[in-house]
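What follows is one structure encoded as structure tokens, with my remarks underneath.
The values are calculated or read from the model by the stated rules, or taken from the named source; none is laboratory data. Bear in mind that the values here come from a model prediction, so they are computed numbers and not experimental data. Positions of Cβ are backbone-derived with ideal geometry, glycine not excepted, and every protein chain shown enters the neighbour counts.
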Amino acid sequence: MTQPAFHRIDGTFYVEGVSATDLAAQFGTPLYVYSRAALTAAWHAYADACAGRRASIHVAVKANSNLAVLNLFARLGAGFDIVSGGELARVLAAGGKAENVVFSGVGKTAHDMRTALEASVKCFNVESIPELDRLNAVAGALGKKAPVSLRVNPDVDPKTHPYISTGLKANKFGVAFDDARATYRAAAAMPHLDVVGIDCHIGSQITEIAPYLDAIDKLLELVDQIEADGVKIHHIDVGGGLGIRYNDETPPEIGAFVRTVLDRIEARGATDGTVREVFFEPGRSLVGNAGVLLTRVEFLKPGAEKNFAIVDAAMNDLARPAMYDAYHAIEPVVERAAPAQTYDVVGPVCESGDWLGRARTLAIEPDDLLAIRSAGAYGFVMSSNYNTRPRAAEVMVDGTRVHVARERETVAQLLAGERILPD
């Protein structure tokens, strides 16, 4: 049996063949650590299930946009799903191909549209008639035709956190389901647009297949109507959003999820007998459990109602607990035999919301290291410089080798672009 990417040897936490103690000693803390083996295994779970099927995988860059991570997926043959011009620049810098990029997002600027058109991206996922109008004008000015699909909002409840639910009527995303057929007719009439597909993304951290199937069934009924209007749909983009296990969740296995979705779509083939291509846009399920955040205990502070473990990572380093009330498993890097106590694990930022874990039972002492699990998705990408705190370093472990994927920021770098008032 292959050893897990994250494991223990003699009570010490390891990432592949490197101890977390050595990583912290060499690179400092807070420190994001990714496992190449875990990233690769998650990719193959998708790729193997898609093998022999008309399906392609577009990595959601927003989940983890580190160049080393994107380069690994590009080497494996990935396409990419982006939501900004900056993310397109990252994909290209990492070795990705624009022809395999899907440009999503509800508020694309004219500049970003021009940049993407000049790079010849695969498709624009468009979310409104005003966006169609803008893209048509930008493409016309460049003498190009923009390939488009419409992101349709199917009003399906993904049963996830309201901040990451994106397919309900009350959400800002997509074209309303009842308006979609007319919007497709409008898009098809625009001279500088080429309608090629349909898109749907209902949310994130979804732990059941049923909401996907509900959305797909509604989408396929709509596709029949759209094609009856004379607009051919060549691909169906089912988005991403598959959940991972942070605590006690039981999301479907990736391969089973992919095969179930493909079977459902293929069972309702096109009226002309062709098999439409299916796009998957995974993010969290590729990178979430392939990363940890290492942090050091600065102080243990007993309180009247709670005990606090004050660490050197904070809400600016990992925003998910404060933003979503999200759970991340936290464990000592080196196991102690000492009696455990219950702590709130908190950072040094001047906010009561600066916490990383609540009511955790830990046997720890000051200067001990903690590993915060499942930090590979929406970890570093959501970090900030609040309280003038430089952002953490990122490293990639590959067996016994360690690659510096991002150097730690310095305060001097944070001040470099600022200017004081003249005399």
(message) Can you name every one of the strands (runs of 3 or more DSSP E) wholly within the range 1-117 that holds 1 or more residues which are at pLDDT 95 or above, within 19 Å of the chain's Cα centre (by Cα) and within 30 Å of Val311 (Cα to Cα)?
(response) 31-35
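Looking at the range 195-214, which of the residues that are of a type in the set (Gly, Ala, Ser) and either buried (at least 24 other Cβ atoms within 10 Å of the Cβ) or touching a strand residue (DSSP E or B) at 6+ places or on another chain (Cβ under 6 Å) (or both) is farthest from Leu132 (Cα to Cα)? Give the steps one after another, and end with the answer.
Taking the range 195-214 first, the residues of a type in the set (Gly, Ala, Ser) are 197, 203-204, 210.
Filter once more, keeping what is either buried (at least 24 other Cβ atoms within 10 Å of the Cβ) or touching a strand residue (DSSP E or B) at 6+ places or on another chain (Cβ under 6 Å) (or both): 197, 203-204.
Values: Gly197: 14, Gly203: 23, Ser204: 26 Å.
Checking each candidate, the answer is Ser204.
Listed residues Thr400, Thr361, Thr410; which is out of contact with any helix residue (DSSP H, G or I) (no Cβ under 6 Å at 6 or more places or on another chain), under 27 Å from Gly17 (Cβ atoms) and loosely packed, with under 12 Cβ neighbours inside 10 Å?
On the way: Thr361 fails: under 27 Å from Gly17 (Cβ atoms); Thr410 fails: under 27 Å from Gly17 (Cβ atoms).
Going through Thr400, Thr361, Thr410 in turn, the sole match is Thr400.
Give the residue, chosen from Gly379, Gly347, that is in contact (Cβ under 8 Å) with a residue 12 or more places away in the chain and within 26 Å of Gln3 (Cβ to Cβ).
Step by step, each of Gly379, Gly347 is checked, and only Gly379 is in contact (Cβ under 8 Å) with a residue 12 or more places away in the chain and within 26 Å of Gln3 (Cβ to Cβ).
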(request) Out of Ala55, Ala24, Ala51, Ala68, report the one residue that is in the same structural domain as Ala405 (by TED's automatic domain parsing) and either in contact (Cβ under 8 Å) with a residue 60 or more places away in the chain or surrounded by fewer than 15 Cβ atoms within 10 Å (Cβ to Cβ) (or both). (result) Ala24
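Restricting the range 124-145 to residues that are aliphatic (A, V, I, L, M) and surrounded by 21 or more Cβ atoms within 10 Å (Cβ to Cβ), which is farthest from Gly197 (Cα to Cα)?
Initial filter on the range 124-145 (aliphatic (A, V, I, L, M)): 126, 129, 132, 135, 137-139, 141-142.
Restricting the remaining residues to those that are surrounded by 21 or more Cβ atoms within 10 Å (Cβ to Cβ) gives 126, 132, 135, 138-139.
Values: Val126: 10, Leu132: 14, Leu135: 16, Val138: 20, Ala139: 18 Å.
Filtering first and then ranking leaves Val138.
Right, Asp229: in contact with a Phe, Trp or Tyr (Cβ under 9 Å, 6 or more places away or on another chain) and buried (at least 17 other Cβ atoms within 10 Å of the Cβ) or not?
Values: in contact with a Phe, Trp or Tyr (Cβ under 9 Å, 6 or more places away or on another chain): yes; buried (at least 17 other Cβ atoms within 10 Å of the Cβ): no.
Answer is no for this residue.
Given Val345, Val333, Val349, which one is more than 24 Å from Arg245 (Cα to Cα) and modelled with pLDDT of 95 or more?
Working: Val345 fails: more than 24 Å from Arg245 (Cα to Cα); Val333 fails: more than 24 Å from Arg245 (Cα to Cα).
None of the other options fit; the residue is Val349.
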(message) Can you find a residue that is surrounded by fewer than 19 Cβ atoms within 10 Å (Cβ to Cβ) and over 18 Å from Val334 (Cα atoms) anywhere in the range 3-12?
(response) yes
(message) Need the failing condition index for Glu208 against (1) assigned to a helix (DSSP H, G or I); (2) at pLDDT below 95; (3) more than 19 Å from Ser56 (Cα to Cα), just the number.
(response) (1)
(request) Quick one: count up the residues across the range 236-263 that are under 29 Å from Ile372 (Cβ atoms) and of a type in the set (Lys, Arg). (result) 1
(message) Quick check on Val91: is it of a type outside the set (Phe, Trp, Tyr) and either closer than 30 Å to Ile330 by Cα or crowded, with 23+ Cβ neighbours inside 10 Å (or both)?
(response) yes
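Can you find even one residue in the range 386-395 that is among the charged types (D, E, K, R), modelled with pLDDT of 95 or more and loosely packed, with under 15 Cβ neighbours inside 10 Å?
Our first condition is that a residue be among the charged types (D, E, K, R); within the range 386-395, this holds for 389, 391, 394.
Filter once more, so that each one left must be modelled with pLDDT of 95 or more: 389, 391, 394.
Keeping just the survivors that are loosely packed, with under 15 Cβ neighbours inside 10 Å gives none.
No, because not a single residue in the range 386-395 is among the charged types (D, E, K, R), modelled with pLDDT of 95 or more and loosely packed, with under 15 Cβ neighbours inside 10 Å.
Return yes or no: is Asp344 more than 30 Å from Ala416 (Cβ to Cβ), among the charged types (D, E, K, R), crowded, with 16+ Cβ neighbours inside 10 Å and in the same structural domain as Asn316 (by TED's automatic domain parsing)? Spell out the reasoning first.
Values: more than 30 Å from Ala416 (Cβ to Cβ): yes; among the charged types (D, E, K, R): yes; crowded, with 16+ Cβ neighbours inside 10 Å: yes; in the same structural domain as Asn316 (by TED's automatic domain parsing): yes.
In short, yes.
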(message) Cβ contacts < 8 Å: first residue free of Cβ contacts under 8 Å to residues at least 12 places away in the same chain, restricted to the range 214-237; second residue of a type in the set (Gly, Ala, Ser) and surrounded by 15 or more Cβ atoms within 10 Å (Cβ to Cβ), any location; separation 6+ or different chain. Result?
(response) none
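Hey, among the residues in the range 267-324 that are without any contact (Cβ under 8 Å) to a residue 24 or more places away in the chain and not in a strand (DSSP E or B), which one's farthest from Phe27 (Cα to Cα)? Quick ask: steps written out before the conclusion?
Keep residues of the range 267-324 that are without any contact (Cβ under 8 Å) to a residue 24 or more places away in the chain, which gives 267, 269, 272-274, 301-305.
If we keep only those that are not in a strand (DSSP E or B) as well, we get 267, 269, 272-274, 303-305.
Details: Ala267: 52, Gly269: 53, Asp272: 58, Gly273: 57, Thr274: 53, Gly303: 32, Ala304: 36, Glu305: 35 Å.
Top of the filtered list is Asp272.
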